[in-house]
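A short write-up of the structure that comes next.
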Amino acid sequence: MSSKPPLKTLIAALVALSVLLGMVQADASPPKVRTLKRGAPAAGARKPTPHDKTRPKAASPRAAKPKPDPSRAVKASQAALATLDEDFRAKVERVLEALEAKGWEPVVVSGRRTREQQRKILAAGRSRTLHSHHLCGRAADIMDRRHGWKGLASDPNFKFWTDLGAAARAQGLVWGGDWRKFKDVPHIQLGPKCDLEVAASPPPPAQGR
Ligand SMILES: [Zn+2]
């Protein structure tokens, strides 16, 4: 009897507990709403400053997106390589080997394309023709996966591009960097002709990015 807590104390404890729970809930809900907003920092992350808006990549490294898995670029490259015409593919493989021997990390970012894919690329200004060798699997766009188009690689005279040109010429291929009107430095292709009737017939292949 004397060990039992008095009813008053129990009620007081329950009230205190419910108040506490209410506080916790009230405290927990705003971050929940905030995390639903696109681009909002996760609960506990540093508050963004106006400076962050202009330089999102310089923001807290903890909030930065994880870097893409390097094996993804390599897998996409292998998939793109597999879409190529057999004769051309063998030459592209030699080109990739030559670049790797120089310490580059080349990946095929585009192989055979459907007409629809080509149309979109043309519309985006990344090609100048609807009659691309990509349509018949006789063209490939190659980049160093660490550089892509950015930084040093935005210069058409970047060493990777000129090395790619040299390796392509060594295989008897045409390099887009040698074109006068539209320098297409990641682009290499086989032969001057592409049979578009044949190109139109194969089913849409899996396309790497
Ligand atoms: Zn191309």
First in segment 177-195 and charged (D, E, K, R), second anywhere and in a loop (DSSP other than H, G, I, E, B) and within 12 Å of the ligand (Cβ to nearest atom), Cβ under 8 Å, 6 or more apart:
Lys181/Arg128; Asp184/Ser127
For segment 148-168, enumerate the residues that are under 21 Å from Ala76 (Cβ atoms) and buried (at least 17 other Cβ atoms within 10 Å of the Cβ).
Ala153, Phe160, Trp161, Leu164, Ala167, Ala168
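Table: residues versus (1) away from the ligand (no atom under 16 Å from the Cβ); (2) among the charged types (D, E, K, R).
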{"site": "Ser132", "(1), (2)": "no, no"}
{"site": "Cys136", "(1), (2)": "no, no"}
{"site": "Lys150", "(1), (2)": "yes, yes"}
{"site": "Lys159", "(1), (2)": "yes, yes"}
{"site": "Leu164", "(1), (2)": "no, no"}
{"site": "Ala167", "(1), (2)": "no, no"}
{"site": "Ala170", "(1), (2)": "yes, no"}
If you scan segment 103-123, which residues turn out to be outside any helix (DSSP H, G or I) and surrounded by fewer than 19 Cβ atoms within 10 Å (Cβ to Cβ)?
Gly103, Glu105, Thr114
Hey, can you tell me all the residues within segment 109-128 that are more than 10 Å from the ligand (Cβ to nearest atom) and not charged (D, E, K, R)?
Thr114, Gln117, Leu122, Ala123, Ala124, Gly125
Subset of segment 133-181 (residues that are touching a strand residue (DSSP E or B) at 6+ places or on another chain (Cβ under 6 Å) and in a loop (DSSP other than H, G, I, E, B)):
Arg138, Arg145, Leu173
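Readers should treat all values here as calculations from the given coordinates under stated rules, not as data from a laboratory. Owing to the predicted nature of the structure, the values given are computational and were not obtained by experimental measurement. Note: ideal-geometry Cβ built from the backbone for every residue, glycine included; neighbour counts use all protein chains shown.
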